[in-house]
Amino acid sequence: MSETILKLGTRRSPLALAQAEETRARLCHIHGWDENEVELVPVVASGDKVQDRPLAEIGGKALWTKELDGWLAEGLIDASVHSLKDVETIRPESLTIAAILPRADKRDVLLGAESVHALPQGAVIGTSAPRRAAQALHLRPDCRIVLFRGNVATRMARLAAGDADATFLAAAGLARLGQDGTGHKQDPGEWLPAPSQGAIAIECRAGDSRVLDLIGALDHAPSRAEVMAERALLHRLGGNCHSAVAVLCDYADGQLSMHAALFSPDGAERVDGEAQFAAGDIDAPLRLAADLLDRATPGIAAQFAGSQ
C-alpha cells in the first residue's frame, strides 16, 4: 500500500467532498501520484451543524473554517480545501492560500423560474444570502424572502416541498455535484455573483515549504488574479455576513474587468461601480471600494465597516 504524501482536510458536505476529490485528482495528475497517496480527512464544520438561523447570527464565515484551521495548526492535516467564497477575507497569518484551482462558472442558478422577472406576483424566495435577497428584492420588491440554509440537496428538497416558490444555487456547485442542467443560469450582466464564487482554494501552513511547493503546482494565475481582486474589494468595504455585496471580475489578456454593486438589505437602494486594471493591481479594487462607499446611501453604508 502506498504511503500517504498529503492529508487534505475538507468539510463533510457532499459539495465539499466533491471539491476535495477534484483537488486530489488534480494533484495526482500533475505529480503522477496514485490516488491513495492523498488522504481526504473530513470534518463536520460548525456551520453545517446549525441550519435554522442566518450565518451572521451564529458566528459568520469562521464557522466554515475554524475546525480545519485548528487541524492545520495541530498538524493533523497538511492543507484545507475550501469554497473560497466561504472563507473570511482576514485570515490567520500562520496560514496561506497555496493554490486557486481554475475557476468554474461564476453564475447563480435560479430554480423555480427562468428569471426573477418571471416569478409570479408576491412569490416567496428561499435564501440565506443577503446578496441574493437584496438583489432579488431590488428587481422584485413584491417578493418575500424566507430563510433557506443547508446543503444543495436540503435546499432543493425544501423547494420541492413548497417551502418557497424559488431559490438560488451556485452554478459551480451544481456542476460539481453532476447537476449542471438544473435550473436557469442567470445573466451576469443583470444578476451579479458573490465574491470568489466558483473558486476552490487550498490553504496550508505559511511556513510549510514542502506542502506549498506541492500544492502550488496547481495554482491557476488568472483565477487567482480575479478572486484576490474581489477579496481586496470586500476587505476594503469592511463587509460581513450581513452585507449585500455582488461582484463580477473577469480576466482577459493580463487585464481584469470588475463590476461591483452594494445593496441595502431590503434591496431598495443600490450603488454600482466598474473598473478595468492590470492583473495583480490590488490598489485598483481598493479604489473602487472607496468610490462605492463614497456614493453609498445611508441604508447601504450602514452595512459596511469600511464606510466609517
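Please go through segment 139-152 and give me each residue that is in a loop (DSSP other than H, G, I, E, B), within 24 Å of the chain's Cα centre (by Cα) and not basic (K, R), ordered by number. Result: L147, F148, G150, N151. Going residue by residue through segment 66-84, is there one that turns out to be at pLDDT below 95, closer than 18 Å to F148 by Cα, part of a helix (DSSP H, G or I) and touching a helix residue (DSSP H, G or I) at 6+ places or on another chain (Cβ under 8 Å)? Within segment 66-84, none of the residues are at pLDDT below 95, closer than 18 Å to F148 by Cα, part of a helix (DSSP H, G or I) and touching a helix residue (DSSP H, G or I) at 6+ places or on another chain (Cβ under 8 Å). All told, D266 meets the bar of being of a type in the set (D, E), within 27 Å of I145 (Cβ to Cβ) and either crowded, with 16+ Cβ neighbours inside 10 Å or modelled with pLDDT of 95 or more (or both).
If the condition is being outside any strand (DSSP E or B), touching a residue at least 40 places away in the same chain (Cβ under 8 Å) and not small (G, A, S), then segment 108-138 contributes E114, V116, L119, P120, T127, P130, R131, Q135, L137, H138.
Among the residues making up segment 1-39, a single one is at pLDDT 95 or above, surrounded by fewer than 16 Cβ atoms within 10 Å (Cβ to Cβ) and either of a type in the set (K, R) or assigned to a strand (DSSP E or B) (or both): E39.
Residues that are surrounded by fewer than 17 Cβ atoms within 10 Å (Cβ to Cβ) and modelled with pLDDT of 95 or more do occur in segment 241-252, at least one of them. The strands (runs of 3 or more DSSP E) found entirely in segment 191-308 that carry 2 or more residues being more than 20 Å from V81 (Cβ to Cβ) and of a type in the set (V, I, T) are 244-252. Among the residues of segment 184-202, is there at least one that is surrounded by fewer than 23 Cβ atoms within 10 Å (Cβ to Cβ), of a type outside the set (A, V, I, L, M) and farther than 30 Å from Q255 by Cα? Checked segment 184-202: no residue is surrounded by fewer than 23 Cβ atoms within 10 Å (Cβ to Cβ), of a type outside the set (A, V, I, L, M) and farther than 30 Å from Q255 by Cα.
In this structure, is R155 at pLDDT below 95, assigned to a loop (DSSP other than H, G, I, E, B) and touching a Ser or Thr at 6+ places or on another chain (Cβ under 8 Å)? Reasoning before the result, please.
Numbers: at pLDDT below 95: yes; assigned to a loop (DSSP other than H, G, I, E, B): no; touching a Ser or Thr at 6+ places or on another chain (Cβ under 8 Å): yes.
No: the conditions fail for R155.
The values are calculated or read from the model by the stated rules, or taken from the named source; none is laboratory data. Everything numeric here is computed off the predicted structure, so don't read it as measured data. Counting neighbours? That spans all protein chains shown, and the Cβs are built from the backbone with ideal geometry, glycine included.
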